[in-house]
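The structure appears below as structure tokens.
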Amino acid sequence: MAMAREGEILAILVIFPMLLLLHSKTTQADTFIVGDDLGWTANASVGNWPQGKTFFANDTLVFNYDNQLYNVVVTDQVRYNSCTITMNSRVFESRHDRIHLVFGENYFMTGNPNDCQLGMKMAVMAEN
């Protein structure tokens, strides 16, 4: 009887951690290149680029672009919808920006209002 109970306890000690590993998501963040090979450009349909992808908080988006033509603005939903920049907007201009996602909606657009109105902006939902 004692032997059977020891076997049950051992099975629980082995199986339970394995089940936890199977049900927990990996903590390793992924890196995504926005627009894939085309990069962050008006020709890349960046507004549709996130479709079909799953993003998590702390994933990194890499924005590759010609900084003579474009930049990347991290903004809120109101500014995103109206394609406006404020003094509080975070503007990136390095040509190879690496931006970490936060939990929830993340909004990105170009600082050029004409290109933004034509669709050079995207919203990304990051899960926890």
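The values are calculated or read from the model by the stated rules, or taken from the named source; none is laboratory data. None of the values given here were measured: they were computed from a predicted structure. Virtual Cβ from ideal backbone geometry, glycine too; neighbours counted across all protein chains shown. Accessible surface is based on the protein model in full, side chains and every heavy atom, while ligands, DNA and RNA are left aside. Shrake-Rupley method; radii C 1.70, N 1.55, O 1.52, S 1.80 Å.
For D37, project a label point 7 Å along Cα to C-beta. Then give me every residue of segment 63-80 with its amide nitrogen under 19 Å of that point. Residues 63-66 qualify, since their backbone N sits under 19 Å from the label point.
One decimal place: the segment N88-A57 gains 9.0 nm when fully extended, by the rule 0.36 nm per residue minus the C-alpha distance. Given a 1.4 Å probe and the protein chains as shown, E105 ends up with an accessible area of around 80 Å².
At 1.4 Å probe size, put I85, I99 in order of accessible surface, largest to smallest. Before the final figure, lay out the partial values.
Working: I85 75, I99 5 Å².
If we order I85, I99 from most to least accessible, we get I85, I99.
Along the axis of the charge dipole computed for segment 82-128 (Cβ charges of +1 for Lys and Arg, -1 for Asp and Glu, origin at the Cα centre), the listed residues S89, V102, L118 are led at the positive end by S89.
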